Structures are given as C-alpha cells and as structure tokens.
1. How high is the relative contact order of segment A:248-350? Use alpha-carbon pairs under 8 Å, at least six apart in sequence, and give a whole percent.
2. How much of the accessible area of segment A:3-277, in percent, comes from carbon and sulfur atoms when a 1.4 Å probe is used?
3. What number, in percent, do you get for the relative contact order of chain A if the mean sequence gap of Cα pairs under 8 Å and at least 6 apart is divided by its residue count?
4. Once you charge only the Cβ atoms, +1 for Lys and Arg and -1 for Asp and Glu, what is the size of the charge dipole of segment A:419-466 about its Cα centre, to the nearest 20 debye?
5. Quick one: how many lysine pairs does segment A:306-405 have with C-alpha atoms less than 23 Å apart and a gap of 8 or more or different chains? Give me the count, please.
6. If we count every other residue with Cβ under 13 angstrom of A:L54's Cβ, Lys/Arg +1 and Asp/Glu -1, where does the sum land?
7. Heavy-atom accessible area per residue, chain A, 1.4 Å probe: how many Å²?
8. Gap in Å between the Cα centre of segment A:2-75 and the Cα centre of segment A:257-332?
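The values are calculated or read from the model by the stated rules, or taken from the named source; none is laboratory data. All values reported here derive from a predicted model rather than from experimental measurement. Don't worry about glycine lacking a Cβ; one is built from the backbone with ideal geometry, like all the others, and counts go over all protein chains shown. When the accessible area is computed, the model is the full protein with side chains, heavy atoms only, and any ligands, DNA or RNA have been set aside. Shrake-Rupley method; radii C 1.70, N 1.55, O 1.52, S 1.80 Å.
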Amino acid sequence: MVRISNSLTGDKDPFEPLEEGKVRMYVCGLTPYTDIHAGHARTYVAFDIVRRWLEHKGYDVIHVQNITDVEDKIFDHAAEEGVNPLQLAREEHAKAEALFDTLRLQRAHHWPKVSDHIQHIIETNQAIIENGHAYEAEGNVYFDVDSFESYGKLSNMDPDQLIEEHRDVEGEGKQDPRDFALWKSAKPDEPSWSSPWGEGRPGWHIECSVMATTIMGPRIDIHGGGRDLKFPHHENEVAQSEAATGKEPFTKYWMHTGFVTVGGEKMSKSLGNFVTAREVLEKHRPEAVRLLIAQTHYQSPIDFSWDALKDAERSLDGLMVPLERIHDATPKEGEQSHDEALLEAIEAAKSEITDAMDDDFDTPQAVASMHTLSRRINQYLDDHQPTKAVVKAIETFYAFIDDVFAIVPEERTVDGLEPELVDLLLHVRERAREEGAFELADEIRDGLETIGINVEDTSEGPVWRAA
RNA sequence: GCAGGGGUAGCCAAGUGGUUAGGCAGCGGACUGCAGAUCCGCGAACGCGAGUUCGAAUCUCGCCCCCUGCUCCA
C-alpha cells in the first residue's frame, strides 16, 4: 500500500485512487518564456519517479501537464523581444520538451495549452458565475472568495487574515481584495479572445482547473507542483474547480515538492540565482542529475552546487560498477552453493526499495539499499565467477531500478572508434607489460585516456570503456 | 505577525523509544609494476536546556537558529 504526504490533510494518507487501478495525475507545468532552471527539473523528475513507481505497482496512470502559454510574463517577455507571444511560448515549450527527453522524463499523456482551451475556460467561468461564486466587473470576471466557505483549506490560510494582508491589492471593479481574476479584459497589443464579457483572456489559475477537469473529470487523484504554488495558485484552483463542478474534493492528494536552493536560498528567476537545466545537462549525465534529486526526499530542499553534482556522478559510477563487471565477465553454467546468499540479498534489496517507495516515495532510503546491494554484489564478484542465474538476477535488478528511477546510464561510446583497434592496442600493451616495458605500457594507457578511453587492469586482463 | 518545513559526523542525507542507515570526502590495510576499480577496517552525529523513561536523535515543555509561503514563482 502506497502512502502519500497529502498537503490537503497534512497527513501521510493511504493512497486509494478514486477509481480502482487508475490514477489521474496532474502536474503543474510551465509558463514557457525562457529557459527552465534546475528547480523546474527537480519537480518534474520527482513526479516522473512518482509516476514510474505507481506504474510499477500496476496502476494505469494518466499524466497531464499543462502549458500555460497565455500569461503576463510571456506577454512582457515577448514585448521586450519584439516577438509574437504565442510563438515565443511554442518555441520555449519545444526547447523544454527536448530537455525533458534528455532528462529521461516520461512524456505526459497530455500537454494541454491554455490557448486551446479558451472556450472551456469561458464555459467554466460562466458555471462559476451561475453557481454564485464569481461576478463580472468592467469586462473582468472575479472569483468571489467570500462566497466560498472553505477557502484557505489547502494552504491553511485564514481568509479573514487575508483581507487585512491584501487591503491594497488592486483590480478593476474588485469587490474584495482577496478576489482573483478568472477573466481579464483585453489590453492593447496583447492576445485576446472574445467572451460574454468582451474581449479578454483568462486569469492565471483558472487554466489548471479547466484543463484538469476537461481531460480527467471533476475529481482527480494527485495534483502536484512546487511548494511555491500552494498559495495562491493551488488554493485558487481548489476554489474554482469545486465552485464550478460542485464536487469535492477536486483533488484527493495534493503533493508539493521542495525547492532547489542555492546557499540555502530559493533558486528563482526573480532572484537571478538560477542555473538552467540546459547548463546542468551539458556538464552532467542525466542519470547523475536524477540520482542527485533522488538522494533527497521530494519534499525537502536540495541545495544546488556543482560539487554536489560531481559527488552524484561519482556515486552513480559506484552504483553501476556491478553491472559493468558482469558485462565484462564470462558467466558459467550450473549452480553454486554460494549463489543462494547473493540471490537472497537481491530479493531483500528489492523488497527494501519497495517498502521505501511505498512510504511516501522515500527515494533516499531506496538509493541507500541500492548501494548496500552494490557492495554485496562486488564482494561476490571479487570471490566468484558468476553463474548465468546470478548474472540474470543482477541484470533484472538493474532493469528494475532503471524502470523506476531511470538512473542506469547507456554504456558510453566514443564516436568513430573501432573497438578492434583498441583491443589490438591493449594486446600489444599486455605484451609490453609481460616484458616489463612499463614505460611503453603507460604511454599506451595515457594515450588512450586522452582520446576518452579508460583502461583498467584486472585479474581477468585489461578492460576498457569510454570515459 | 500568521502559517508550514527544518537544524543528524568535514559535506550531503535516511531514520519517530533499545538493533551498522547510505553516499561523497578522509585515514589505515589487502590487491596491483604503477594507476584505477574492488574489498576489509577506522574515526566521527543527532541545535541548546530541562523533563518523562530502565533506556531519548526519536516523546513532553521551554529556548535559539535557518528556510519557505502570506497574490511573480517548479
């Protein structure tokens, strides 16, 4: 049984989806106007692992991730650059999607865009007005916070206190400072659509309610996003969705990811302390990035540093050593008495990882189990030639962790390299070593290293791989 | 101010009453022509103060510090 820390209840709740065997999952996506940074990547990797785990458990997961392509920031940015806002959003989204692929994120089943859902948004706004929870004012439509009794239930905010806090918040024709826009009247030179309230465009927040419910129905299982979206974005989503459909809870399990920080402070575009996902992936393998993220629980902050990434690279290398060793080994037929203990250790590791993941996706615990098993396998391989059954079990284990975490790297290759030539060189080097010509042997090894090939001498002879 | 999350060894990070977490770095050893990898061993920890308990990182109370949210935000 999977248990999930639920922001809505404040508890770790047993996961019982609305519909047996099926999971409706919505992850707050991008407002594409510039490069995504490490913080976005963290959230998406975290939910990628959530999805992979649920799928591993046999759930049929529908994963929806929105593209907010109609939003002030895009308009502002497009105006600065002198380009078309919708075009800018399309291009930035395409760039982000390519990065997602590199990061080994499973593609969402739906990537709904606001610009494709304007009609649905208008209809939802009308429903909210009819249900008495919104009003029109000077071409704008505002959500009537005071009419929605449970406002504040997700973010644990006191609605009365919000009145004082937001005394100064402006808005054309707003009746209450807490009210927020479902529809904004058009400004010159900005994209707009016609509506019963005149030319305009959707407010921020409403798109997520509309696209989630249009695609998945009035109630969904999991809704995720960064902690910074909890208020006001997610709080407003809850209010809008429930006000429109009359069904609650809109989302059964709300999940919020911790921030990526830099020197303890939140990484954000406005602070300017960000590192783009592209920069990170230019310097590091995606699997190392994913391991770094998995080493921290999804709710805790991750303090970003290049050193931390380097550590994760080394840690990943260590984790993958057994896999490389069995690729280099020649397995033998039959059974060996000492195989039993190793096969049991592999089963034990799987079961530990399963328990950890079921417990609110405790990836750091799961990673620890992987390391422990990796050491056990190395011990075995130090002492024994593996049998085919053992090789199979190890490969199956690595396939399992790759399935759930996507952290097993492709074997590295050097472009334009003839493996036979490397083997020939190493053969010559062995001859040199036999004759004690170590200077020549080292020259060959150093030379190979400069073209990206690492040579290691083992008791079984030299092995090489791309660095 | 209100609300939430945290403070665990040099760094990162699990762990909710008794049993080695784990990683990275470090030190010693085995192996090796050397290097690397691997293995074995080692050290080092629970923010502070009281309390409960046979026993507290874990429970209670008080305090200190950090981060986040309170209509830009993954």
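1. Numbers: 55 pairs, mean separation 28.1, N = 103.
Contact order relative to length: 27 percent.
2. Whole-percent figure for carbon plus sulfur exposure: 44.
3. On the way: 685 pairs, mean separation 73.6, N = 467.
In percent, rounded to a whole number, it is 16.
4. Details: 5 positive and 13 negative charges, 21 e Å.
Rounded to the nearest 20 debye, it is 100 debye.
5. On the way: A:K332/A:K388; A:K332/A:K392; A:K350/A:K388; A:K350/A:K392.
So the count works out to 4.
6. Working: positive: A:R3, A:K22, A:R24, A:R51, A:R52, A:K57; negative: A:E16, A:D48, A:E55, A:D60, A:D221, A:D358, A:D360, A:D403.
Residues near A:L54 contribute -2 overall.
7. Values: 21830 Å² over 467 residues.
Each residue of chain A exposes 47 Å² on average to a 1.4 Å probe.
8. Using only Cα atoms, the two centres lie 20 Å from each other.
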